[in-house]
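The values are calculated or read from the model by the stated rules, or taken from the named source; none is laboratory data. Not measured: the values here are computed from a predicted model. Glycine also receives a Cβ, built like all others from the backbone with ideal geometry; neighbour counts cover every protein chain displayed.
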Amino acid sequence: MNDANVYAVKTLTKKEYFAPGHRSCLGCGEALAVRLVHKALGRNVITASATGCMEIVSSPFPLTSWEIPWIHVAFENAAAVAGGIEAALKVLQRKGKISDKKVSVVAMAGDGGTVDIGLQALSGAMERGHKFLYVCYDNEAYMNTGVQRSSATPFGAHTTTSPAGTVVPGQVTWKKNMPEIAVAHKIPYVATATPSYPLDLVNKIKKGIAADGPAYVHILSVCPTGWGIASEETIKFGRLAVQTGFFPLYEVENGKYKITVDFEELMPLEQYLLPQRRFRHLAEDTLGYIRGRVAEQWEELQKRSAE
Amino acid sequence: MVVFKKGKGGEKVLEIRFHGRGGQGAVTSAELFAQAAIMEGKYAQAFPSFGPERRGAPVVAFCRIDDRPIFLRTEINEPDIVMVLDPSLLSVVDVTAGLKDDGILIINSEKEPHHFMLERLEQAATINATQIALDILKRPITNTVLLGALARISAVVKMESIIDAIEQRFDAKNAARNVQALQKAFAETLILSKNDCKPESLNSFQKYIAAASTTREGAPKADSEYLWNELQPGCVVTDAGNAKSFRTGDWRSFLPVLNKERCIRCGVCWVFCPDMAYRQDQEGYYLVDLDYCKGCGICAQECPVGAIQMEMEKEADAV
Ligand SMILES: Cc1ncc(C[n+]2csc(CCOP(=O)(O)OP(=O)(O)O)c2C)c(N)n1
Ligand code: SF4
Ligand code: SF4
Ligand code: SF4
Ligand SMILES: [Mg+2]
């Protein structure tokens, strides 16, 4: 049995800040990620959310799953709104208009809302140095609107706008490395996480919100509907993504890299890719290419975390 | 046999409502039937009801067929025929809502049609579509299967046209299997007409659907019932976490069943549930809250000692 999971049970609060009755698909890894993130954040938090699956499923008027102040903003400006909230809180506290209780500020968005349309707002907020945490829930496509590719969709994946055919093997670009883009802003904390490793995820969210400046956590959020897997396999595929090196778990604290879930040897990549409907068409040459780049990426990461 | 109904202006129109769960293919069903009608030179529409509901949630789709061009673009509130793809929906939605007085109800069920007969209906029909789908398609997808029952009951569209529509839509291998399932359903559909129905079998379903159509306690009124001046600026909702009044347990087709003797009370099921459906009892066992569990199966898959089994939800016994 995985001791870390049992330990997670002991350390996690029983309180839920994301209420049941939300309308995600059954087995949604993104909803689970939101639940765990907000368990880590606790009560004194304001979250600004871009549109996307998590906004739609959690706030169909007049219902809300949110037990904390939560604001739905446009698709592209979650980071800008969070930056504004942080600045406003600072001013109001300085003027003594509100109590100086610590209130955390969080921005959340999907991969589309982060790596594509929200990137400039996010870059601006990181550059200005707002003390906030940005959480990207990456399910590797625009799922809310029916599985269109984003720049976080992995190479070779079939989506409705990167269809796999006889000439083109699905997505033709490599996944944009958003954590590295965040690191390049020299912010104090950047990490990757996935709900399949709940303790690791919760620790990183806590570190991120405690950092003295902007923090960025990129969460791989398995989407059974968009990826073409059974609803009960959400946790398993998150684990396989990590165990095969496809989505390494690491953190970068003030520029210092550390792999947080390390392996002597990675599992064969096919075990992660081929059972998913979005990858099942992959031919050996495409697989070989992906294998090469994943190995390269893993080596690079190991080198950096040894520095 | 239903042929076209005469509309107010003398036009002939047939309106069908399909009840399924997100991901079961209710829309495909409606589209195939419409396609078959179009191939016969009729006019037809097929469309889903748009909403935020996702895989597993109760959904509806509509099909409207006419022998003249159709200008209506509205959802169908008073259908001539209602099709139910998933029997577990019967305890959740009132599938007969708005069904015309001389209408027809077609249900995927292993039961005989008299269980579903209402006094005001013309016919009720049942077909064990799940079994046919499992036997022939190897998956519990009943959308094409149920069209076999529809073809048997309604003369509006010929069986051959439905087969043509299926062959156009699927690749050869899938089309062949779907056609096989369709024909089996056509042959095995059980039909009960009003005149052949014993009066004593009329009451149970009536009571049953009455329970399904009552609104839940604590639920705020529907969004469409708000007046503009009742809305907060920015549509702010101040009742934090009120989504709890919405029971996603209605979406479930599989149920996690705990074997207490095996359970080591580790809580892993609780950690990984995306729907906050686990509560710990006084003895430390984790029990499922059926109001919210959507039946994804994650807890059964992740339990380190295999203490949870997923079981198919049965058709409710009340019927
Ligand atoms: C400016 C703008 N363009 C397009 C949309 C439509 N839209 C809503 S959600 C969404 C996709 C969201 O994808 P992602 O951010 O990856 O979140 P997910 O739904 O996958 O969780 C799109 C395209 C919008 N709301 N605003
Ligand atoms: S489409 Fe994917 S991310 Fe969106 S609610 Fe469904 S499972 Fe979750
Ligand atoms: S995961 Fe299994 S053993 Fe652990 S508490 Fe849940 S049912 Fe019991
Ligand atoms: S099947 Fe298990 S994990 Fe899935 S919603 Fe139900 S209780 Fe939660
Ligand atoms: Mg996405």
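Things worth noting here:
- Residue check, B:PHE50 within 14 Å of chain A (Cβ to nearest Cβ) and more than 18 Å from B:LEU89 (Cα to Cα): yes
- Scanning the range B:65-74 finds no residues that are surrounded by 23 or more Cβ atoms within 10 Å (Cβ to Cβ), under 10 Å from the mean Cα position of the chain (by Cα) and of a type in the set (Val, Ile, Thr).
- Residue match in the range B:193-206 (condition: free of Cβ contacts under 8 Å to residues at least 24 places away in the same chain, within 14 Å of another protein chain (Cβ to nearest Cβ) and exposed (fewer than 14 other Cβ atoms within 10 Å of the Cβ)): no
- A:PHE61 aromatic (Phe, Trp, Tyr) and more than 22 Å from the chain's Cα centre (by Cα): yes
- All of B:ARG169, B:ARG216 fail the test of being surrounded by fewer than 12 Cβ atoms within 10 Å (Cβ to Cβ) and either at pLDDT below 90 or touching a Leu at 6+ places or on another chain (Cβ under 8 Å) (or both), apart from B:ARG216.
- Residues in the range A:38-62 that are among the hydroxyl-bearing types (Ser, Thr, Tyr) and either without any contact (Cβ under 8 Å) to a residue 60 or more places away in the chain or within 16 Å of ligand 3 (Cβ to nearest atom) (or both): 2 in all.
- Here A:SER196 clears all of (1) out of contact with any Asp or Glu (no Cβ under 6 Å at 6 or more places or on another chain); (2) under 17 Å from A:ARG278 (Cα atoms) except the condition numbered (2).
- Any hit, the range B:40-58, residues being at positive phi, modelled with pLDDT of 90 or more and not charged (D, E, K, R): yes
- When the range B:258-278 is filtered for residues that are among the aliphatic types (A, V, I, L, M) and not in a helix (DSSP H, G or I), the ones remaining, listed by number, are B:LEU258, B:ILE264, B:MET276, B:ALA277.
- Residue within the range A:76-83 that is assigned to a strand (DSSP E or B) and away from ligand 1 (no atom under 16 Å from the Cβ) present: no
- Single residue of the range A:207-246 satisfying the filter (touching a Gly at 6+ places or on another chain (Cβ under 8 Å) and more than 16 Å from ligand 2 (Cβ to nearest atom)) that is farthest from the other protein chains (Cβ to nearest Cβ): A:GLY213
- Condition met for A:ALA82 (under 18 Å from the mean Cα position of the chain (by Cα), closer than 29 Å to A:LYS186 by Cα, small (Gly, Ala, Ser) and within 16 Å of ligand 5 (Cβ to nearest atom)): no
- Of the criteria (1) more than 16 Å from ligand 2 (Cβ to nearest atom); (2) among the aliphatic types (A, V, I, L, M); (3) within 7 Å of another protein chain (Cβ to nearest Cβ); (4) touching a residue at least 24 places away in the same chain (Cβ under 8 Å), which one B:VAL237 fails: (4)
- Filtering the range A:219-246 to residues that are assigned to a loop (DSSP other than H, G, I, E, B) and either away from ligand 1 (no atom under 16 Å from the Cβ) or surrounded by fewer than 23 Cβ atoms within 10 Å (Cβ to Cβ) (or both) leaves A:GLY228, A:ILE229, A:ALA230, A:THR244, A:GLY245, A:PHE246.
- Annotation note: Cβ proximity below 9 Å between a residue of the range A:23-35 that is free of Cβ contacts under 8 Å to residues at least 60 places away in the same chain and on the phi < 0 side of the Ramachandran plot and a residue that is within 13 Å of ligand 5 (Cβ to nearest atom) and charged (D, E, K, R) (sequence gap 6+ or interchain) occurs for A:SER24/A:GLU30.
- Members of the range B:240-264 found to be surrounded by 15 or more Cβ atoms within 10 Å (Cβ to Cβ) and either near ligand 3 (Cβ under 10 Å from one of its atoms) or touching a residue at least 60 places away in the same chain (Cβ under 8 Å) (or both), listed by number: B:THR248, B:ASP250, B:TRP251, B:ARG252, B:SER253, B:PRO256, B:LEU258, B:CYS263
- Annotation note: of B:GLN232, B:GLN309, B:GLN280, the sole residue that is among the polar types (S, T, N, Q), more than 12 Å from ligand 4 (Cβ to nearest atom) and under 30 Å from A:LEU240 (Cβ atoms) is B:GLN280.
- Criterion applied to B:SER245, B:SER253, B:SER224 was being away from ligand 1 (no atom under 16 Å from the Cβ), over 24 Å from A:SER196 (Cα atoms), of a type in the set (S, T, N, Q) and at the interface with chain A (Cβ under 7 Å from one of its Cβ atoms), and the one residue passing it is B:SER245.
- Of all residues in the range A:104-119, exactly one satisfies the criterion of being of a type in the set (Val, Ile, Thr), near ligand 1 (Cβ under 8 Å from one of its atoms) and buried (at least 24 other Cβ atoms within 10 Å of the Cβ), namely A:THR114.
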